[in-house]
Amino acid sequence: MQLRDFPELNIFTDSIPPVGIIHIKGNAIFKGYYKNPEQTDLVLDKDGWLKVGDVAVLNKNGSVEIIDRMTEMKKLQNG
């Protein structure tokens, strides 16, 4: 799992506490949508990381807390 910056929504992992967009990768993650490379490109990066779409904070104890969805934040930003 990774938390990544998303500057368009003012989300940065170097904040205190770190906040970012969740990306996951592993054997249990799907390889893409069947016969739909365009949709696959929207959710998987070139290295196979799945863009989950959740905004999370990394707590001091190492736990991850989901605090929002990217789609909801985009709706608020676009008014």
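Data overview
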quantity: Single condition GLY20 does not satisfy, out of (1) exposed (fewer than 15 other Cβ atoms within 10 Å of the Cβ); (2) small (Gly, Ala, Ser); (3) not in a loop (DSSP other than H, G, I, E, B); calculated: (1)
quantity: Single residue of the range 1-16 satisfying the filter (assigned to a strand (DSSP E or B) and at pLDDT 95 or above) that is surrounded by the fewest Cβ atoms within 10 Å (Cβ to Cβ); calculated: GLN2
quantity: Residue match in the range 41-51 (condition: part of a loop (DSSP other than H, G, I, E, B), surrounded by fewer than 10 Cβ atoms within 10 Å (Cβ to Cβ) and touching a helix residue (DSSP H, G or I) at 6+ places or on another chain (Cβ under 9 Å)); calculated: no
quantity: Complete set of residues in the range 35-66 that are at pLDDT below 95, among the aliphatic types (A, V, I, L, M) and within 15 Å of ILE11 (Cβ to Cβ); calculated: VAL52
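The values are calculated or read from the model by the stated rules, or taken from the named source; none is laboratory data. This one's a predicted model, so the numbers in the text were calculated from it and none came from an experiment. Neighbour counts run over all protein chains shown; Cβ positions are idealised from the backbone, glycine included.
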